[in-house]
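Below you'll find the structure, written out as C-alpha cells, and then a few comments.
The values are calculated or read from the model by the stated rules, or taken from the named source; none is laboratory data. Small disclaimer: the values here were computed from a predicted structure and weren't measured. Every residue, glycine among them, receives a Cβ derived from its backbone with ideal geometry; neighbour counts consider all protein chains shown.
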Amino acid sequence: MRSLEDRKIVILGIFIIIGVTYLIRLFYLQVIDETYKLSAKNQALRYVVQYAPRGLIYDRNNQLLVYNEAAYDIMVIPRQVKNIDTLGFCNLLGIEKAGFDLKMEEAKSFSTYKASVFEKQIPSSQFASISEKLYQYSGFYIQKRTLRKYPKPIASHVLGYVSEVSPTNITKDKYYRKGDYIGISGLEKEYEKELRGKRGRKVLLVDVHNRQKGSYKNGNYDSLAVEGDNLYCTIDRDLQEYGEQLMRNKRGSIVAIEPATGQILALISSPSYDPNLLVGRDRSDNYNNLVANDTLNPLFNRAINAQYRPGSIFKLVESLIGLQTGIITTDTRIKCNRGIINCHGSHSNDNLVEAIQHSCNPYFYQVYKKIIQQGKSNSIFKDSEIGLKQWHEMVTKFGFGQKLKSDIPGIGSGLVPDVNFYNKWYGEGRWAFSTIYSNSIGEGELGVVPIQMANLAATIANKGYYYTPHLIKSISDSGRIREEFVTKNLTGIDSKYFDPVISAMSAVVNQDGGTARRARLDSIEVCGKTGTVQNKDRPDHSVFICFAPRENPKIAIAAYVEYSDFGGLWSAPISALMIEKYLTGEVTNKAKEQRILDASFLTIYEEK
C-alpha cells in the first residue's frame, strides 16, 4: 500500500509541476511578453510601412530640380476580403473586373495574410473620393507614399528615374522589400543609398469595418521614417534649360564643365524627354512608348554613351604630345602636301599655331608619323609598336580610352587603340604607321564620348590637368564630396606647351581664316577647335570644343550636332550662346540664337 501511495504522490507532483509551468508560461505570454498580444490581435491590428521621403535635389544655385509629392497605394490583405461589391470597387478605382481578378491572384500568390500593393500611386487629386468610401471594402486600406516631381521638365538624363524594386534588387540588398522603390538611372541610381532614407512602421488599431481607430499602445511599437539626404547638384538649372532649348529638333549633346573644379554645369542629351512621364500610374505605358515607339531613342544618353571619332579636335592632343616628346616645336613648319592626305582652305606651309588654326591634315599626318616611327628599331613594324605604345600611354592620360571615374552611372569609355588591338586586328608584325595613319586626324579606330571631349577642353584650359567631371557638389549640408573629385589628374604635359595650343584655339575663333568664327563673342575671348566626324552616305556630325574666357576660364564645352555637316556651322554657335548665357546671364545676338532654335536635323537622318 505504501508503494501505491508513493506512486500517487509522484504522479500528483508531476501534474502540479506541469500545471505550474503552464501557468508561468501563460503569465509571461499574457502579461510580460507584449509580442504575443500583437500576434493574437492580428485581426484588429494593421502594420503600415512609413516610407521615407527621398532626398530633394537642388542645382548649384539652390534651385529645386526634384521634389516629392504625396501619392497613395491601395493595399490588400486577401484573407480579409469578404463579401465585397466587386463592381462598385472597380468603379471606385477606375479599373476593369478582369484587372481586379488578376491583381487579387497576384496578391494571393504573394501572401493571403500579408499586405501587398493592389493599386499603386493614386494621385492626391483622386485620393479624397477613394478614401471616404474605401472602409466599405474589407481587406483594403490606403498607404501613403511619395512620388518624384519635377518643377521643370529638364535634365532627365542627369536626374534619372525611380521604379519599383525587382526580385533581383531584393536579393542583392536585404534592405528592400516588395513594393519599395529604387533609383534606376542617373543621380537617383548613383546616390540611391543617400537619397532613400530609412523606412519606419506604424501599428494601427482597426475595427470590424476596416476603419482606423488610432495607434496601438500609444505608438510604442511605431518607428519613425528618416528622410533621405538632399543632394546639391553642380548643374546650373537655367543653363541646362537653355541648352535643351538650343538642341530642340536635333540629335546630339552638350556638356559644359567648370575647369577649376570639374563640376558639370550642363549635361544635355537630345532628343530628351519630360521626366514627369516616368512617374505615377502611367509610368509603364509612357516608358514602353519611349522605348518601343520613339525611333529617336530619347532614353539614350548621348552625352556619356554616344561614341564618335574625335575628328580634327584630336589634333590638339597630337600637338601636345609632339611638343612634349620633342618631335616638333612651335616653329616647325610642314608643307600642306594634299597628295598624301586631303585638306581644305588656302594655306601651304604652316607652323604649329597656323596648322591648328587652319586644321591642316597633312601637318598632323606628319606629326603622327614622327611620333609612331622614331627610328628606334630597324624593323618598321617593331618601330611602330614602340611608337604606338608611347602614344597610347600619353593619350590615355587625357582621360581617353577609359571610363572617367565620375558619379554618372553608365558612362562610356571610348577607344584608344593599342598594340594588342592592332595585333589582333591585323596580326603581329603586319601593321605599321601606313596602316593606322588615319588616327593622325582623329579618324581611324579612335573613339570618344562627348564628356571626354568636354574634359579635354577643361584640361587645356587648366594647362595640363583636370578634375574628374562630376554632378554632385555636396551631399546634404555637410559639404561631403567624393575624394576623387578633388584630386588632380595630371596629363604629364608641361604647362608651357599649352600656351601655343591655346593661342591657336583663340585664332580658330577670333582671327580671319579660323574655322569657328561663328563662336566669336565681342566681350569674351573664346578659345576653341572645330571638328567634323565623317559619315559614309550621310551628312557629317558637327563638333566643337572650347573654353572661355581665355584667362581664368569659367566654362569648357563640347557640343555635338549629328548629321548637320561642318562643326563651325552649328556646334560652334551653340557653344558661343551657352558661354554668353552662363557668363553674362543673357544673349545679345538674337539672330544667331533664332537660327539655332529654328534648325532641325531630324528629317535629314530619317530620309536616308
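Overview of results
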read-out	value
Exclusive hit being without any contact (Cβ under 8 Å) to a residue 12 or more places away in the chain and among the charged types (D, E, K, R), set GLU580, GLU586, GLU593, GLU562	GLU586
Any pair with Cβ under 8 angstrom, 6 or more apart, that starts in the stretch 396-418 at a residue that is free of Cβ contacts under 8 Å to residues at least 60 places away in the same chain and within 15 Å of GLY442 (Cβ to Cβ) and ends at one that is surrounded by fewer than 20 Cβ atoms within 10 Å (Cβ to Cβ) and of a type in the set (D, E, K, R)	PRO417/GLU445
ASP418 vs. criteria modelled with pLDDT under 95, charged (D, E, K, R) and in contact with a Lys or Arg (Cβ under 9 Å, 6 or more places away or on another chain)	no
Enumeration of residues in the stretch 160-188 that are closer than 12 Å to LEU278 by Cα, of a type in the set (A, V, I, L, M, F, W, C) and in contact (Cβ under 8 Å) with a residue 40 or more places away in the chain	VAL162
Residue ID - nearest to CYS360 (Cα to Cα), chosen from residues in the stretch 515-532 that are at pLDDT 95 or above and of a type in the set (Val, Ile, Thr)	VAL526
Residue list for the stretch 295-340, restricted to those being part of a loop (DSSP other than H, G, I, E, B), of a type in the set (A, V, I, L, M, F, W, C) and touching a residue at least 40 places away in the same chain (Cβ under 8 Å)	LEU296, ALA306, ILE327, ILE328
Matching residues in the stretch 350-404 - criterion: being surrounded by 19 or more Cβ atoms within 10 Å (Cβ to Cβ), within 37 Å of the chain's Cα centre (by Cα), in a helix (DSSP H, G or I) and of a type in the set (S, T, N, Q)	GLN357, ASN361
Of residues in the stretch 134-163 being among the aliphatic types (A, V, I, L, M) and under 19 Å from ILE408 (Cβ atoms), the one surrounded by the most Cβ atoms within 10 Å (Cβ to Cβ)	ALA155
Test: residue in the stretch 493-501 that is more than 34 Å from the chain's Cα centre (by Cα), surrounded by 15 or more Cβ atoms within 10 Å (Cβ to Cβ), assigned to a loop (DSSP other than H, G, I, E, B) and touching a residue at least 40 places away in the same chain (Cβ under 8 Å)	no
Residues of the stretch 531-552 that turn out to be under 24 Å from GLN240 (Cβ atoms) and either surrounded by 24 or more Cβ atoms within 10 Å (Cβ to Cβ) or in contact with a Cys (Cβ under 7 Å, 6 or more places away or on another chain) (or both), as a count	9
Strands (runs of 3 or more DSSP E) contained entirely in the stretch 192-274, each with at least 2 residues that are surrounded by 18 or more Cβ atoms within 10 Å (Cβ to Cβ)	200-206, 231-233, 252-258, 263-270
